Each structure stands twice: as structure tokens, then as C-alpha cells.
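A quick write-up on the structure given underneath.
The values are calculated or read from the model by the stated rules, or taken from the named source; none is laboratory data. A quick note: this is a predicted structure, and the numbers were derived from the prediction, not measured. Reconstructed Cβ throughout: ideal geometry from the backbone, glycine too, with neighbour counts over all protein chains shown.
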């Protein structure tokens, strides 16, 4: 059995940032990163960027850390190995290789995996996901020979991959169960702006649709929808959400929900076990509720904060998380909590007709808790400041609804 002072499960941005932070503060404590991928730290963001996907830049630009970095920082990297069992009492992690690691402090930053398409035949060659480097390599190879593709789902992955496949010259059909794009997180006006951009870019959209049958023997040859529509395709990109592997952690006594439950210090219910990144379902000090987010910047900051708390510094994680993407000539962003329910109202800035549209989500305390932006990304920083400072909107409703009013004047007041 091997023993380390710090054990980090997960070699992505949260785990690597945590290791780097630990080394900056403790230059001698033994430290190991265990990753189920065989690769050193790389940019997951770049996987869906046109320059990388279409091989217009050198493949090597994907790497963010090399072997020398791990060696110089005295960080052991155990790649291609998976944690499968936790004994929290003895502080021992067991790997799928049979190896066991005893730890003093443990960080669980295992992220998530692409939700699998629950349909018969979804294992055929040509059906792809985009979550890790191997999946990206597979997709990049298949796109070179495919002529027609379908995208499944209406979210970040589908939007970005529709653009990638159109830039690669494929005919693309988007199949989504929802009545409009990104339902229900966006309103119909926002969804229609995105759909218009997709259609202008040559994507055929089929709302309220679902695949009933996958055609082909070993290779994908097409799909048949529930209404009988047949679509020829050699490639399908599935983007229907993210899942986390939690069962082995639940068996060890960790509190879980959709992710690993943690407080504002990213501490779990078991002493000396911390979590960060996509798998962390943490107490959000800004929104006052439990939140789970799949976001690069969020994971990076959480990795740093979790490491400081592993070192005993007791630092809370507090930031307004946001997501951005762009493609087909538009940019889209979400900030904070964008869910709309019966206790919340929406203040709209701009209009769908001008393709410039922000929605401010207001809670029952008359505070801004979230926002969605289409072609108004210049407002993100100001809105995030208003969310962070619990800005009360009373008396400012008219100004907030005026698309020409500069939100920075409120954020700086």
C-alpha cells in the first residue's frame, strides 16, 4: 500500500489547480493525482473549438501541463487508473488495478461523464459524445468521411457541434424533444433567436422530435423518428447532459444528491474529504442554495479553494458562475441561477427582433439572481456584480428594462 499526504482523484482543471495550489503552499508534502484518463492536463474547452476540431492548429496546443511540470513540482501522476472504492474510516482508496492508496487529505474532483443515449443500437460506430480527449479524437476522425449528421439535444454541446459539423461541410439535422432550443432554461423568444442562427447556418431543426430507431449493422446509417421520418446519417453527436458516478461514494457514507454534497468550504460530511468541480454540489453563498455547475472557470476556482481548505486555511468559495458560448454569428451566456418559477419574475432588455436580448431573473426578495444574454455579453460583468452584491431592484425597474441604460453605473454604486 502506498501512502500520500494529499490524494487527488481527477486530473482535470479542478484537480490540477488544487495540486498546483498545494505545492505553492506545501513544497514537501507527498501528493498524487489519480486520473481515469491516461493524459496529462489538457484543455477540455478546446475540444469543441473550430481551430482545434478542424485541425487548423497543432494538436499539441491541447496540452496545458507536460511531464516536466509534474516532475518539477514533485506531483505524481497515475494516469489511466480509476478509483472504485473508498474506506473513509481507514482513509484508503482502492483503484481498479487493485492498488490501494492511504491518504491524509482527499480531494474528489472526478467530474462527470456524458449521459448515454438510452436507445437500442446506441453503441454503433458513428454515434459520438464529446466529453474527453479520446471522444474528441474519434469524432474528428469520423467527421472526415461522413456526409450527413444528426445532433441530439438542445444545449451547449449540440450548439457547438452543429457549427463544427457545418464548418466541416456536413449536412446537419438537429433533433430535439423540446418545443424550442434550450427549453425550459430560456424563454421561447431566446430559443427562437438561437434557432434562426442555426437555420441561417444551414442546420435543419426538428423540434418536438425523438429518435425511435437507429439504422445500420455495426455502423450508423440513419435514424427513424417517432413520427416515421427517416434521416440518413453516418454520424450522430449526442448532447443530453452530464452524469456523475456516485454509487461507490455513497457506499462509503458520503452524502450525495446529483453530485457530492459539500458546504461553502467544499468540505463533505466526512472529515478530511473535499470535493471540487463538476461533481461538487456545494452551498452557494451568493444564491443561498445548493448548486452544481459544469463550468471550467468555476472548477478552476473551486480547485484552488478546496486546496487551501485541505491546507487548513478555511476559505469559503464565493463567486457568480457563468457560462458562455458562441457560434453561427451569435454569443450566448448564462449567469447565476436562470431558473424561472412562480416566485420569480423577468425583466427583459433589448428585443428578439434586434437579436440583442438580456433577461434578468428577479427573486421574491427583489434581487437579481441570474440572467441570460444573447449578443449582450458586455453586460455579464455588471450583472454578476449586481447578483454578488444582492442588489435590490426597487425603483430601478424602468432603467433595468432600458437596453441603452449602462448597468455598470448600478454595479459601481
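Name the one entry in 76, 55 that is surrounded by 13 or more Cβ atoms within 10 Å (Cβ to Cβ) and either in the same structural domain as residue 279 (by TED's automatic domain parsing) or in contact with a strand residue (DSSP E or B) (Cβ under 7 Å, 6 or more places away or on another chain) (or both).
Details: 55 fails: surrounded by 13 or more Cβ atoms within 10 Å (Cβ to Cβ).
Checking each option against the conditions leaves just 76.
Search the range 125-141 for residues that are outside the structural domain of residue 158 (by TED's automatic domain parsing) and pair each with any residue that is at pLDDT below 95 and surrounded by 17 or more Cβ atoms within 10 Å (Cβ to Cβ) when their beta-carbon atoms are under 9 Å apart and the residues are at least 6 apart or on different chains.
Listed pairs, sorted by first residue: none to list.
Filter the range 31-45 down to residues that are under 26 Å from residue 326 (Cβ atoms) and surrounded by fewer than 18 Cβ atoms within 10 Å (Cβ to Cβ) and give me whichever is modelled with the highest pLDDT.
If we filter the range 31-45 for residues that are under 26 Å from residue 326 (Cβ atoms), which is where we start, we get 41-45.
Those left that are additionally surrounded by fewer than 18 Cβ atoms within 10 Å (Cβ to Cβ): 43, 45.
Details: 43: 97, 45: 93.
Filtering first and then ranking leaves 43.
Which one is nearest to the chain's Cα centre (by Cα) among residues in the range 305-323 that are surrounded by fewer than 20 Cβ atoms within 10 Å (Cβ to Cβ) and within 30 Å of residue 376 (Cα to Cα)?
Among them, the one singled out is 323.
Condition check ((1) part of a loop (DSSP other than H, G, I, E, B); (2) in contact with a helix residue (DSSP H, G or I) (Cβ under 9 Å, 6 or more places away or on another chain); (3) touching a residue at least 60 places away in the same chain (Cβ under 8 Å); (4) outside the structural domain of residue 189 (by TED's automatic domain parsing)) across all residues:
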{"site": "302", "(1), (2), (3), (4)": "no, yes, yes, yes"}
{"site": "306", "(1), (2), (3), (4)": "no, yes, yes, yes"}
{"site": "332", "(1), (2), (3), (4)": "no, yes, yes, yes"}
{"site": "335", "(1), (2), (3), (4)": "no, yes, no, yes"}
{"site": "350", "(1), (2), (3), (4)": "no, no, no, yes"}
{"site": "357", "(1), (2), (3), (4)": "no, yes, yes, yes"}
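For the range 157-169, does any single residue satisfy the condition of being surrounded by fewer than 17 Cβ atoms within 10 Å (Cβ to Cβ), at pLDDT 95 or above, farther than 17 Å from residue 241 by Cβ and not assigned by TED's automatic domain parsing to the domain that holds residue 7? Give the steps one after another, and end with the answer.
If we filter the range 157-169 for residues that are surrounded by fewer than 17 Cβ atoms within 10 Å (Cβ to Cβ), which is where we start, we get 167, 169.
Filter once more, keeping what is at pLDDT 95 or above: 167, 169.
In the following step, the residues that additionally are farther than 17 Å from residue 241 by Cβ were identified as 167, 169.
With not assigned by TED's automatic domain parsing to the domain that holds residue 7 added as a condition, the list becomes 167, 169.
Yes; the residues of the range 157-169 include at least one that is surrounded by fewer than 17 Cβ atoms within 10 Å (Cβ to Cβ), at pLDDT 95 or above, farther than 17 Å from residue 241 by Cβ and not assigned by TED's automatic domain parsing to the domain that holds residue 7.
Applying the selection to the range 83-115, what residues are surrounded by fewer than 19 Cβ atoms within 10 Å (Cβ to Cβ), assigned to a strand (DSSP E or B), out of contact with any helix residue (DSSP H, G or I) (no Cβ under 7 Å at 6 or more places or on another chain) and at pLDDT 95 or above?
Residues satisfying the conditions are 87, 92, 94, 95, 100, 102, 104.
Please determine whether any residue of the range 283-295 is surrounded by fewer than 20 Cβ atoms within 10 Å (Cβ to Cβ) and in a helix (DSSP H, G or I).
No, the range 283-295 has no match at all.
Looking at the structure I just gave you, is residue 257 farther than 23 Å from residue 161 by Cα and either outside the structural domain of residue 15 (by TED's automatic domain parsing) or surrounded by fewer than 19 Cβ atoms within 10 Å (Cβ to Cβ) (or both)? Spell out the reasoning first.
On the way: farther than 23 Å from residue 161 by Cα: yes; either outside the structural domain of residue 15 (by TED's automatic domain parsing) or surrounded by fewer than 19 Cβ atoms within 10 Å (Cβ to Cβ) (or both): yes.
So residue 257 passes the test.
Within the set of pairs 6 or more residues apart or between chains, which connect a residue that is in the same structural domain as residue 273 (by TED's automatic domain parsing) and over 14 Å from residue 106 (Cα atoms) inside the range 5-19 to a residue that is modelled with pLDDT under 95 and surrounded by fewer than 24 Cβ atoms within 10 Å (Cβ to Cβ) with Cβ atoms less than 6 Å apart?
13/296
Can you say whether residue 205 is under 24 Å from residue 144 (Cα atoms), under 25 Å from the mean Cα position of the chain (by Cα) and outside the structural domain of residue 269 (by TED's automatic domain parsing), as far as the supplied structure shows? Please lay out each step first, then the result.
On the way: under 24 Å from residue 144 (Cα atoms): yes; under 25 Å from the mean Cα position of the chain (by Cα): yes; outside the structural domain of residue 269 (by TED's automatic domain parsing): yes.
Considered against the rule, which asks whether it is under 24 Å from residue 144 (Cα atoms), under 25 Å from the mean Cα position of the chain (by Cα) and outside the structural domain of residue 269 (by TED's automatic domain parsing), residue 205 comes out as yes.
Restricting attention to the range 1-30, which residues are in a strand (DSSP E or B) and buried (at least 22 other Cβ atoms within 10 Å of the Cβ)?
Filtering the range 1-30 for residues in a strand (DSSP E or B) gives 2-9.
The answer is 6, 7, 8, 9.
Filter the range 371-406 down to the residues that are without any contact (Cβ under 8 Å) to a residue 40 or more places away in the chain and part of a strand (DSSP E or B), then identify the one that is surrounded by the most Cβ atoms within 10 Å (Cβ to Cβ).
Among them, the one singled out is 371.
Can you name the strands (runs of 3 or more DSSP E) wholly within the range 185-236 that have at least 2 residues being in contact with a helix residue (DSSP H, G or I) (Cβ under 8 Å, 6 or more places away or on another chain)?
On the way: elements: 203-206, 211-215, 222-225, 230-232.
So the answer is 203-206.
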